[in-house]
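The values are calculated or read from the model by the stated rules, or taken from the named source; none is laboratory data. Being a predicted model, the structure only gives us computed values, none of them experimental. Glycine also receives a Cβ, built like all others from the backbone with ideal geometry; neighbour counts cover every protein chain displayed. Note: accessible area is taken over every heavy atom of the protein model, side chains too, but ligands, DNA and RNA are not part of it. Shrake-Rupley method; radii C 1.70, N 1.55, O 1.52, S 1.80 Å.
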Amino acid sequence: MRRSLFRKYFTTIFAAVLLPIIVGGTIEAWLGYRDQRASIDSRLLSEARASSERISSFLNSIIDQMGWAVQLPVASVSPEERRFDALRLLRQAPAITEFAQADRQGKELLRVSRIVPDIMDSGRDLSREASFQELMENGSRFGSVHFSRGSEPYMAIAIAGEKSSTGVAIAEVNLKLIWSVIANIRVGQKGHAHVRDRIGRLIAHPEIVRVLRGEDPGDLMAVPERPAVADDITQVPVGSNPVIVRRGDSGAWVIAGSAIVPGPNWTVYVEQPLSEAFAPIYAALWRTGILLIAGIAVSAALAYVLAGRITGPIRLLEQGATKIGAGQFDHRVRIDSGDELQELAERFNTMADEIALSKERSERIARLRQFLAPQVAELIEIEGSEKLLESKQADVVVVFGDLRNFTAFSAKAEPGEIMAVLEEFFTVLGQLVQKHEATQTGFSGDGFMLLLNAPVPCDDPVGLAARMAVDIQEAVQELVFRWTSVGYGIGFGMGMAAGAATVGRIGYEGRLEYTAIGPVVNLASRLCSAAKDGQILIDAATARQIGPAFPLDDLGERLLKGFEADTRVFAIKMKEGRVCE
C-alpha cells in the first residue's frame with residue numbers, strides 16, 4: 001500500500017530531531033540516577049558503619065569494665081570485696097541492670113541487681129542458663145536478645161578470666177540505652193536508623209516506644225528464625241548487597257544501607273524514603289520530560305515545515321505531470337525555492353516543451369506513414385520539410401497488384417474468411433513495401449498501387465521495383481498455394497510501368513494521400529488487369545530499363561483497355577523459370 005510522501009518525510013525528520021533528544025535525556029537521566037545512587041549508597045553505608053562502630057564500642061566498653069571482676073582468683077577475693085567491685089561496676093556501666101559471678105562449674109558466688117536485693121554465696125547452679133552454656137561451650141560473649149516482661153530488650157554478656165581459677169562474670173545489659181546512638185542518626189529530613197538482632201527482632205529505633213512494646217516497625221511481628229528474602233525487612237546483608245530497596249515502616253519504599261555489629265552479629269539499618277532520596281533524580285526527570293515535550297512540539301513543527309517544503313514542490317511536479325499526461329503541453333510548473341527543486345522544475349518544463357515537439361513530430365510522421373514507408377517518413381521529418389510532397393513532374397515506377405477471382409470468392413465466403421484472407425495478404429505486402437522503401441498510395445479492396453522514385457528519389461528505381469515485385473509475387477504465391485488447398489480459388493497478378501507522371505498530395509484536411517497521375521499509371525493498371533495468376537507484366541520501355549538483371553518473356557502485342565494501339569507486353573520470369581500463359 002502506498003504511503004503519503006509527506007508522511008514519510010514528516011516521520012523521518014520528526015524521528016531525526018526527536019531521537020537525539022530522547023537518547024540525550026535518557027543518558028542524562030541514567031547518569032544522574034547512577035551518580036545520585038552512588039552518593040546515597042555511600043552516605044547510608046557511612047552512617048551504618050559509623051553506628052555499628054559506636055554500638056560495638058559501647059559493648060566493648062562494658063566488656064572492658066567487666067574484665068576487672070575476673071582478674072583475681074575466686075578464692076583470693078572475699079565476698080565483701082567481690083560485692084564492692086560489682087557495685088562499682090553498676091555505677092560505671094548504667095546499661096548493666098544485673099551482675100553475677102560464678103566459678104567455672106557454674107556455682108553462683110554473687111548477684112547484684114538494680115531491681116532485686118543482692119544475693120551473696122547463693123550457690124545457685126548457673127550451668128543450666130543459656131548465657132553460661134554459650135560461654136563455656138562456644139566461647140561466645142554475647143547471648144541472645146530477650147525481652148524482659150515482653151517489652152525492654154536485654155542481652156547477657158559473659159566473660160571468663162584467663163585462668164581457670166578466676167571464674168566467670170555475667171552481666172544483664174539493657175539495650176534500650178543504645179537508643180541514644182540510633183536517635184542521633186538523621187539522613188535527610190525523614191531518614192533514620194534502627195538495629196535488629198540476628199533473627200530480626202527490633203533492638204533500637206528512634207521511636208523507643210516501639211522497642212519497649214516489642215513491636216517491629218510497620219507492625220511487623222518478629223518471627224524467630226524466619227528466612228531472609230529480598231523484600232524482607234529483617235534481611236541480614238551478609239555476603240549480599242549492603243544497600244537494598246525495600247518496604248519501610250509505613251509500607252512505603254525506602255533505600256537502606258546496612259552494617260554488621262561484630263560480636264553479637266546485629267545489623268544496623270540506616271534508611272531513607274525513596275521519594276526523598278531520589279528527589280533530585282525525580283526533578284531531573286521532570287525537567288527531562290518537559291524538555292522532551294518541548295522537543296516533541298519543536299520536532300513536529302520543524303518536521304511539518306520541512307516536509308511541506310519538500311513535498312509541496314513535488315506535489316506541483318506531480319500535478320504538472322498529470323496535466324501534461326492529459327495533453328496540456330502548455331502547462332508549466334513554477335517553483336521559486338532557489339534550490340535543486342527549482343532546477344528540477346525548470347528541467348521539467350523543458351521536458352514538457354520537448355514532449356510537445358515530439359508529439360507534433362510523431363503526428364507528422366504518422367500522417368506521412370499513411371502513404372510512405374516508415375524510413376521515408378522519418379527522413380522527411382528529420383529534414384524538417386515537406387517540400388518533397390509538393391506536386392511536381394517526376395519519373396516514377398508504378399506497380400499495381402490485384403487478387404484474381406476474389407469477387408467470386410467473396411460472394412460465396414463468410415465475412416470472417418474474407419477478412420482473414422485480406423489480413424494475410426496485406427500483412428505480407430506491408431512488410432515487403434517497408435523493406436523496399438516504396439510509397440504506398442492506397443488500397444482498393446483486394447488491390448494496391450505502389451510508387452518508387454517519388455517522393456524520395458532512389459538509385460535504379462526500375463531495378464528496385466522489379467526486385468520488389470518479384471518478392472511480393474513469390475510471397476503471395478505461398479499464400480495462394482495455401483488458399484487453393486482449402487478451395488478458395490484465388491490468384492494474384494501484377495503490372496509495372498516506368499515513366500513520367502504528376503506526383504503530389506491529394507485529398508482534404510485530415511485525409512491526404514500521396515499519389516501519381518498520368519499515362520504511366522493507367523498503363524501499369526491495365527498491365528495488372530491483363531496479368532494472370534503468378535505473372536508480373538511490364539511494357540517494352542520498362543523492359544529496356546530492366547536490362548539483363550531479370551530474365552523476361554516476350555508475350556507479344558496486346559490491345560490493352562483504354563489504349564488505341566497495341567502494347568508490346570513482357571513478363572518477368574520467376575525463379576522457377578515459368579510464366580503463366
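From the list 437, 478, the lone residue that is farther than 24 Å from residue 501 by Cα, in the same structural domain as residue 524 (by the TED database) and of a type outside the set (Lys, Arg) is 478. For region 223-266, a residue qualifies if it is at pLDDT 70 or above, open to solvent by 30 Å² or more (accessible area, probe 1.4 Å) and either more than 49 Å from the chain's Cα centre (by Cα) or aromatic (Phe, Trp, Tyr) (or both), and the qualifying residues are 253, 260, 262, 263, 265. Examine region 60-71 for a residue that is open to solvent by less than 80 Å² (accessible area, probe 1.4 Å), in contact (Cβ under 8 Å) with a residue 24 or more places away in the chain and on the phi > 0 side of the Ramachandran plot, and state whether such a residue exists. The answer is no; no qualifying residue exists. Checking each residue in region 346-365 for being open to solvent by 90 Å² or more (accessible area, probe 1.4 Å) and charged (D, E, K, R) picks out 346, 347, 354, 360, 361. Taking region 277-288 as the range and being touching a residue at least 40 places away in the same chain (Cβ under 8 Å) and in a helix (DSSP H, G or I) as the test, the residues that pass are 277, 280, 281, 284, 285, 288. Of the residues contained in region 511-522, one or more are found to be touching a strand residue (DSSP E or B) at 6+ places or on another chain (Cβ under 8 Å), charged (D, E, K, R) and open to solvent by 20 Å² or more (accessible area, probe 1.4 Å).
Selection over region 36-51 of residues that are open to solvent by 50 Å² or more (accessible area, probe 1.4 Å) and of a type in the set (Asp, Glu) gives a count of 1.
Just to be sure before I move on: is residue 434 open to solvent by 80 Å² or more (accessible area, probe 1.4 Å), in contact (Cβ under 8 Å) with a residue 40 or more places away in the chain and not hydroxyl-bearing (Ser, Thr, Tyr) in the structure I sent? Against the criterion (open to solvent by 80 Å² or more (accessible area, probe 1.4 Å), in contact (Cβ under 8 Å) with a residue 40 or more places away in the chain and not hydroxyl-bearing (Ser, Thr, Tyr)), residue 434 qualifies.
This table checks each residue for (1) in contact with a helix residue (DSSP H, G or I) (Cβ under 9 Å, 6 or more places away or on another chain); (2) hydrophobic (A, V, I, L, M, F, W, C).
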position: 426; (1), (2): no, yes
position: 429; (1), (2): yes, yes
position: 433; (1), (2): yes, yes
position: 436; (1), (2): yes, no
position: 442; (1), (2): no, no
position: 445; (1), (2): yes, no
position: 458; (1), (2): yes, yes
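If you go through region 115-166 and keep only what is of a type outside the set (Ser, Thr, Tyr), under 29 Å from residue 179 (Cα atoms), in a loop (DSSP other than H, G, I, E, B) and modelled with pLDDT under 80, you end up with 129, 139, 141, 149, 150. Residues in region 408-418 that are surrounded by 12 or more Cβ atoms within 10 Å (Cβ to Cβ) and not charged (D, E, K, R): 408, 409, 410, 413, 418.
This table checks each residue for (1) among the β-branched types (Val, Ile, Thr); (2) surrounded by 14 or more Cβ atoms within 10 Å (Cβ to Cβ); (3) closer than 30 Å to residue 193 by Cβ.
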{"position": "278", "(1), (2), (3)": "no, yes, yes"}
{"position": "281", "(1), (2), (3)": "yes, yes, yes"}
{"position": "284", "(1), (2), (3)": "no, yes, yes"}
{"position": "290", "(1), (2), (3)": "yes, no, no"}
{"position": "295", "(1), (2), (3)": "no, yes, no"}
{"position": "322", "(1), (2), (3)": "yes, no, no"}
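Suppose we keep only residues that are among the hydrophobic types (A, V, I, L, M, F, W, C) and over 17 Å from residue 536 (Cα atoms) within region 465-513. Which one would you say is modelled with the lowest pLDDT? For region 465-513, the residue satisfying everything is 512.
Applying the set (1) among the hydroxyl-bearing types (Ser, Thr, Tyr); (2) touching a strand residue (DSSP E or B) at 6+ places or on another chain (Cβ under 8 Å); (3) surrounded by fewer than 18 Cβ atoms within 10 Å (Cβ to Cβ) to residue 33 leaves exactly one unmet item: (2). Screening the candidates 437, 513, 474 for the property of being acidic (Asp, Glu) and under 60 Å from the mean Cα position of the chain (by Cα) yields one hit, 437.
When the test is whether a residue is open to solvent by 70 Å² or more (accessible area, probe 1.4 Å) and either assigned to a loop (DSSP other than H, G, I, E, B) or touching a strand residue (DSSP E or B) at 6+ places or on another chain (Cβ under 6 Å) (or both), residue 54 does not pass it. So which residues in region 175-193 are open to solvent by less than 10 Å² (accessible area, probe 1.4 Å) and under 17 Å from residue 57 (Cα atoms), if there are any at all? If the condition is that a residue be open to solvent by less than 10 Å² (accessible area, probe 1.4 Å) and under 17 Å from residue 57 (Cα atoms), then 175, 178, 182, 185 are the ones that fit.
On the stretch given as region 437-456, residues that are over 21 Å from residue 482 (Cβ atoms) and surrounded by fewer than 16 Cβ atoms within 10 Å (Cβ to Cβ) total 3.
Taken over region 167-196, residues that are of a type outside the set (A, V, I, L, M, F, W, C), closer than 30 Å to residue 274 by Cα and not in a loop (DSSP other than H, G, I, E, B) amount to 6.
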